[in-house]
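First the structure, in the form of structure tokens, and then the observations on it.
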Amino acid sequence: MADALPVRTIISPARYVQGRGAIARLGDFLAPIGSQPLLVTDDVVWGFLGHDVEASLQAAGLPIDREKFGGVPTAKEIDRLVQVINDRSADVVVAVGGGSTIDAVKAAGFLAGIRWVTVPSVASTDAPTSALSVVYTEAGEFEEYRFFPRNPDLVLVDTQVVANAPAAFLAAGVGDALATWLEARATAASGSNTMAGGIPTQAGTALARLSWDVLWEYALPALDAVRIHQVTPAVEKVVEANTLLSGLGFESGGLAAAHAIHNGLTAVPQTHGLAHGQKVNIGSLTQLVLEGAPTSEIRDFVEFTTRVGLPTTLTEVGLKPEDADELAAIAAAATVEGETIHAMPFAVSPGELVSALASIEGFSRRVRAEAGLPEPVEFHAKH
């Protein structure tokens, strides 16, 4: 039988809601989706959002049933949540929290055969919109992607909640989202399949580029506003870029080297305390080196993302260029069969990746010194 012809496809959540005070509308948007919601959240998030969530659901005539999230989206935690869903006869599961909570809930909702909703408490990743979950081992290492036949039925983002969180979360989201365009343009050049199950649509690639443009224009003023817990038009734009534009852009535009390098970085324990977007930024910078991008482009990326508050050196993620064994482990994990690095428009060997990773230290240090930016300090000591 002949190979099937390639198709172009784009996928998205059924509804996206964003704005200051949006949490008060959760019940309104949730009621048409299910009558027996199960809320999954950790104690910290429930401590500052629980009252508003309860009030919104009660106003909509929905029961309050909450389950505590275990902390890491492991296969064991996902299976536990499936059992809770079944025991409580829930017909929709609602993730209230960060990317780990959201990934666990999406996977559990799929396995339990019910609908799922995401209510992110931060704008630190694009996990809220996607039809996939990243599953980790108990030790915190990347284990697998799990793909689902549909995206969340509802994504609801309260921008005041995002602005109340530490600015480092928003900065991490910028790191995750900036990779979207770099990876989408590589995927478009190679004609590789995306997470949506086909080659990129013009829409998916364009949304990835829009995310990049919005962030370069508005990320720095948005971070200034969030540091004093204010919601401004810049904050609204950056939250949308980090969450919706990046989510649609990565899933339907394509992933390439940056996220594969992120996954590789999880293979060494030094990086386990870092946010997803912090590791992704090292992946983006390394992808630019692998591509042989113009020096001016790489220099601009180092300057901008350093100002955002993202790591641009190995030092900041607990590594050194001389760490041969660790860099080899990272490169091996990032280039395994099936990893997204193979969507690059050229082959990348583990040795080439080690060289690119090791090279960013000296280049970034020189760029930062020339721009009057701070010396690198390990991020574990800063955040």
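The values are calculated or read from the model by the stated rules, or taken from the named source; none is laboratory data. Since this is a predicted model, take the numbers as computed values, not measurements. Reconstructed Cβ throughout: ideal geometry from the backbone, glycine too, with neighbour counts over all protein chains shown.
Summary of values
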| quantity | calculated |
| --- | --- |
| Residue among Arg146, Arg150 that alone is touching a helix residue (DSSP H, G or I) at 6+ places or on another chain (Cβ under 6 Å) and not in a helix (DSSP H, G or I) | Arg146 |
| Selection from segment 316-327 of residues that are surrounded by fewer than 17 Cβ atoms within 10 Å (Cβ to Cβ) and part of a helix (DSSP H, G or I) | Ala324, Asp325 |
| Cβ-Cβ under 9 Å pairs, at least 6 apart or on other chains, segment 63-89 side more than 17 Å from Ile102 (Cα to Cα), far side of a type in the set (Asp, Glu) | Ile64/Glu54; Arg88/Asp65; Arg88/Glu67 |
| From Ala381, Ala331, Ala343, Ala369, residue being surrounded by fewer than 21 Cβ atoms within 10 Å (Cβ to Cβ), modelled with pLDDT of 95 or more and not β-branched (Val, Ile, Thr) | Ala369 |
| Criterion (closer than 29 Å to Val53 by Cβ and either modelled with pLDDT of 95 or more or not basic (Lys, Arg) (or both)) met by exactly one of Ala171, Ala139, Ala186, Ala179 | Ala171 |
| All positions within segment 90-103 that are in contact (Cβ under 8 Å) with a residue 40 or more places away in the chain and of a type in the set (D, E, K, R) | Asp91 |
| First in segment 106-133 and within 17 Å of Tyr145 (Cβ to Cβ), second anywhere and in a loop (DSSP other than H, G, I, E, B) and of a type in the set (D, E, K, R), Cβ under 8 Å, 6 or more apart | Trp116/Asp153; Ala131/Arg150 |
| From Gly309, Gly254, Gly292, Gly283, residue being at positive phi and crowded, with 24+ Cβ neighbours inside 10 Å | Gly254 |
| The one condition in (1) closer than 20 Å to Glu339 by Cβ; (2) outside the structural domain of Gly254 (by TED's automatic domain parsing); (3) buried (at least 20 other Cβ atoms within 10 Å of the Cβ) that Ala188 fails to fulfil | (2) |
| Scope segment 166-177; condition in contact (Cβ under 8 Å) with a residue 60 or more places away in the chain and over 12 Å from Leu255 (Cα atoms); matching residues | Ala167, Ala168, Phe169, Leu170, Ala171, Ala172, Gly173, Val174, Gly175 |
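Each row is one residue, and each column tells you yes or no for (1) within 17 Å of the chain's Cα centre (by Cα); (2) among the β-branched types (Val, Ile, Thr).
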site	(1), (2)
His272	yes, no
His276	yes, no
Lys279	yes, no
Thr286	no, yes
Glu291	no, no
Thr295	no, yes
Asp300	no, no
Glu303	no, no
Val308	yes, yes
